[in-house]
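Notes follow the structure.
Quick note: the coordinates plus some simple rules give every number you see, no bench work behind them. Just so we're clear, the structure is a prediction, and the values are computed from it rather than from any experiment. Positions of Cβ are backbone-derived with ideal geometry, glycine not excepted, and every protein chain shown enters the neighbour counts.
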Amino acid sequence: MFAKRTNWNLETNRLSAALSAHRTSGKPLLDLTVSNPTECGFRYDEQAILSALRNPAALKYEPNPRGLEVARGAVSQYYAERDAIVSNDDIFLTTSTSEAYSYVFRTLCDPGDELLIPAPSYPLFEFLADIQDVRLVRYQLIYDHGWQIDFHALEQAITPRTRGVIVVHPNNPTGHFTKPEEMRKLNEISATCGVAIIADEVFLDFALKEKQIATFAANSGALTFTMSGLSKICGLPQMKAAWLAVSGPEALRVDALARLEVIADTYLSMSAPIQWAMPALLRQRHGFQEQVIGRVSKNLSELDRQLATQKSCSRLEVEGGWNAVIRVPATRSDEELALELLASHSVYIHPGHFYDFSSEGIVVVSLITPENEFSNGLRRLILHF
Ligand SMILES: Cc1ncc(COP(=O)(O)O)c(C=O)c1O
């Protein structure tokens, strides 16, 4: 009856089952994996958000495959503030970054074609790729006093079926940015092999050390699809507003835009109230981002303070984003460790394999966890060793 692509193993894994049982039991929980910004105690400019959603202009239906000019103008302005010139005509609005991915996969790939994805990274791509009949091939990121792309592995992974290289900038959960020299190398490889760059920049604004990180949105060295949205940069995942910017050599860019226009015109998925609200929603990002960067910095200092009291655990470098990667003694599998921490200490962490880490002894914690919960949960985690 059903398509093979939907033959997923949908059984609940042991950790999710344990978490759900823990929650049902009503026991307290120190959740060090929180990622929903609307549940982390951040203050939003409620007045500005709600009044932006009441724009009378939304009473009129003006279908546009790229999305309303007023909203694309706000996205273009976002990039202008990052010193990148992105024309309104090169932007498509989508309801989420995930939807933007699917438009790009559909534009580039026939069934069975391949896309390169970084490992470790965010576990979003598997289902997206299955739904679009695309095969994912991993290229390793290596850690040596900071993360970097293993370019030798990346080049080895390219086959005649490769259509694109995905970069998550900064990557989730490693929190490292693609460096200018790496961007140059990616352009060179992509242009030579005829593959596109697909840049996921949902965490771009959350740099901890450098003031501003260069975006891929105006990259001209290879056909480039750059994605971001309100989920992370404004902390508003419920608004369902994101975008896709196309750049690169003129002929390829024009061709890609024409193809994307047909896909976008088929769905016309954006709602009018959100599009009219986008300029105001984007404006309120600064207040949100200040709070997030403040919390992430405080939690990172607390992590360092607690790590300095012992020798078993250490953390990897964090350049940005919302997560920290902690190295712990690999005396059992990361999943066993997560189960133990939940059962004995009511602390929930993500095991490294959740993010495709190839070795054991890795725990990922969310740096946007409210400070008290973070500090208490971490103390219990560290005491466990
Ligand atoms: C790297 C990365 N890309 C994309 C997304 C999804 O964003 P959206 O809500 O716009 O689909 C996430 C969500 O956590 C993410 O971590």
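A few comments on the model shown:
- A cut-off of 5 Å between modelled amide H atoms, ignoring neighbours fewer than 5 places along the same chain, links Arg138 with Ile117.
- Furthest towards positive pole of dipole, Val262, Pro273, Cys313, structure part segment 192-316, Cβ charges: Cys313
- Residue-by-residue Karplus 3J(HN,Hα) for segment 127-135, coefficients 6.51, -1.76, 1.60, Hz, glycine and proline x: 5, 4, 5, 4, 5, 9, 6, 10, 9
- Distribution of pairwise C-alpha distances over segment 157-285, 5 Å bins, in %: 2, 10, 17, 20, 19, 16, 11, 4, 1
- Relative contact order of segment 53-194: 19 percent, from C-alpha pairs under 8 Å at least 6 residues apart in sequence.
- Available extension along the chain between Arg305 and His22 is 98.9 nm, counting 0.36 nm per residue and deducting the alpha carbon span.
- Evaluated at q = 0.12, 0.19, 0.24, 0.25 Å⁻¹: base-10 log I(q)/I(0), Debye formula over Cα of segment 254-341: -0.72, -0.96, -1.22, -1.25
- For segment 129-229, diffusion coefficient by Stokes-Einstein and Kirkwood Rh (Cα), 4 °C, 1.567 mPa s, µm²/s: 91 µm²/s
- Residue list for segment 279-309, given a label point 7 angstrom along the Cα-to-Cβ vector of Asp45 and an amide N cut-off under 19 Å: 279-294
- Each Lys or Arg adds one and each Asp or Glu subtracts one; over the other residues with Cβ under 14 Å from the Cβ of Glu302, this totals +3.
- Looking at segment 195-307, the DSSP beta bridges with both ends there are about 60 percent antiparallel.
- What the Cβ-Cβ distance of Ser346 and Glu182 gives, at R0 = 51 Å and to the nearest 0.05, is a FRET efficiency of 0.80.
- Placed amide H near Arg315: partners under 5 Å, 5+ positions off or other chain: Arg327
- Sorted ascending by nearby beta carbons within 10 Å, beginning with the fewest, Glu126, Glu182, Glu11 become Glu11, Glu126, Glu182.
- Integer Hz, Karplus 6.51/-1.76/1.60 couplings in order for segment 65-81, x for Gly and Pro: x, 7, x, 5, 3, 4, 6, 5, x, 5, 5, 4, 5, 4, 6, 4, 5
- Ranked by the mean number of other Cβ atoms within 10 Å of their residues, highest first, the peptides 330-337, 143-150 come out as 330-337, 143-150.
- Shape analysis of segment 7-164 yields a ratio of the Cα radius of gyration to the Kirkwood radius, Rg/Rh, of 1.03.
- Calculated over the chain: convex hull of Cα atoms, volume per residue (Å³): 156 Å³
- At an R0 of 41 angstrom, the distance between the Cβ atoms of Leu268 and Thr192 translates into a FRET efficiency of 0.65.
- Close amide-amide hydrogen proximity is noted between Ser96 and Ala242, each under 5 Å apart and 5 or more residues distant or on a separate chain (H modeled in the peptide plane; Pro and chain starts excluded).
- Links that overshoot a 26 Å alpha carbon limit, given the list Lys185/Lys232; Lys27/Lys240; Lys185/Lys298; Lys211/Lys298: Lys185/Lys232; Lys27/Lys240; Lys185/Lys298
- Rel. contact order, % - alpha carbon contacts under 8 angstrom, at least six apart, segment 167-298: 21 percent
- Per-residue HN-Hα couplings for segment 162-177 [Karplus 6.51, -1.76, 1.60; θ = phi - 60°; Hz; x = Gly/Pro]: 6, 10, x, 10, 8, 10, 9, 10, x, 6, 10, x, 6, x, 9, 9
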